[in-house]
């Protein structure tokens with residue numbers, strides 16, 4: 001432990017954030033530290049040694065090891081970055097596009113620890129990989145051009161993007177994030193032509209809010225302990241049936257999307273396309289419909305959650 005603390009203290013701020021803000025570190029800290037303390041400490045030690053290597057310092061690794069972010073694999077004599085890609089606003093504002101690390105190939109688990117229903121992964125072509133990297137980079141640049149504040153929010157809450165090629169549903173584009181790997185989001189079939197830049201921009205803002213809420217929930221639950229688990233509410237935005245927890249998330253997500261797409265700068269950047277996304281996001285707020293559907297379940301929400309929900313308006 002003393003060696004680990006010493007190595008950690010000697011990390012630069014940049015390397016420290018790469019280890020301790022990584023979605024994999026979040027997961028291992030919250031779930032694995034108590035069950036496998038030795039494995040958890042070994043993961044931290046190896047991740048720190050990888051960062052020492054990447055920074056040009058001496059390092060010790062008994063075997064080939066991935067960085068905590070999944071963007072590099074280091075052995076005794078080689079550093080391999082594979083098909084990862086880094087989008088940067090500054091040295092400390094980076095998002096990894098992870099196409100090959102073990103963290104990108106494992107099952108994507110949702111809140112109830114069941115796999116999100118996506119099909120088996122296909123192997124994208126080199127052209128598709130390059131196309132996806134370019135589209136994500138362009139989308140992040142678009143957010144930055146529209147609002148530096150929203151761009152900061154996205155970069156602060158998303159650490160890694162996993163492009164996923166779903167061969168069982170190859171014409172469908174969607175996105176996902178979970179409270180298991182906070183800061184990691186998945187873009188399913190982003191190589192498709194239908195996955196336009198505005199569509200990806202919308203997904204990035206959408207999943208950033210989910211990640212932000214998941215981080216808040218580490219300390220402050222949105223619902224009371226007595227909240228019903230079998231209640232489903234129809235989303236006033238999509239019509240999808242949502243659990244109470246997912247519905248609360250949706251209220252905040254769609255409020256953020258509406259605020260973003262209604263910016264004058266979004267209109268200037270995307271033209272009439274922004275009107276479509278703004279109208280879609282605004283729909284559930286008309287006549288406070290989203291609040292009306294929550295009325296029977298007010299006691300299931302913590303007071304602070306209810307207060308925040310009630311403050312949302314068109």
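Taken over the stretch 207-232, the residue count meeting the criterion of being within 27 Å of residue 158 (Cβ to Cβ) and in contact (Cβ under 8 Å) with a residue 12 or more places away in the chain is 15. Within the stretch 284-299, being surrounded by fewer than 18 Cβ atoms within 10 Å (Cβ to Cβ) and either outside any helix (DSSP H, G or I) or not assigned by TED's automatic domain parsing to the domain that holds residue 256 (or both) holds for one residue alone: 293. Within the stretch 163-177, if we keep just the residues that are in a loop (DSSP other than H, G, I, E, B) and within 18 Å of the chain's Cα centre (by Cα), the residue that is nearest to residue 139 (Cα to Cα) turns out to be 173.
When 246, 265, 274 are checked against the criterion of being in a helix (DSSP H, G or I) and surrounded by fewer than 17 Cβ atoms within 10 Å (Cβ to Cβ), a single residue qualifies: 265. Screening residue 167 on (1) under 24 Å from residue 249 (Cα atoms); (2) touching a strand residue (DSSP E or B) at 6+ places or on another chain (Cβ under 8 Å) shows it passes everything except condition (1).
A quick yes/no check of all residues on (1) within 14 Å of residue 252 (Cα to Cα); (2) under 24 Å from the mean Cα position of the chain (by Cα):
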| site | (1), (2) |
| --- | --- |
| 268 | no, no |
| 271 | no, no |
| 280 | no, yes |
| 286 | no, no |
| 290 | yes, no |
| 308 | yes, yes |
| 312 | yes, yes |
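Determine whether residue 211 is in contact with a strand residue (DSSP E or B) (Cβ under 6 Å, 6 or more places away or on another chain), outside the structural domain of residue 166 (by TED's automatic domain parsing), part of a helix (DSSP H, G or I) and closer than 17 Å to residue 151 by Cα. Criteria met by residue 211. Being crowded, with 16+ Cβ neighbours inside 10 Å, part of a loop (DSSP other than H, G, I, E, B) and out of contact with any strand residue (DSSP E or B) (no Cβ under 9 Å at 6 or more places or on another chain) is a property that residue 254 lacks. Applying the criterion of at least 1 residues that are within 17 Å of residue 155 (Cβ to Cβ), modelled with pLDDT of 90 or more and under 20 Å from the mean Cα position of the chain (by Cα) to the helices (runs of 4 or more DSSP H) found wholly in the stretch 1-119 leaves 13-20, 23-27.
The values are calculated or read from the model by the stated rules, or taken from the named source; none is laboratory data. Worth saying up front: this structure is predicted, and the values here are computed from it rather than measured. Because the Cβ atoms are built from the backbone with ideal geometry, glycine has one as well, and the counts that use them run over all protein chains shown.
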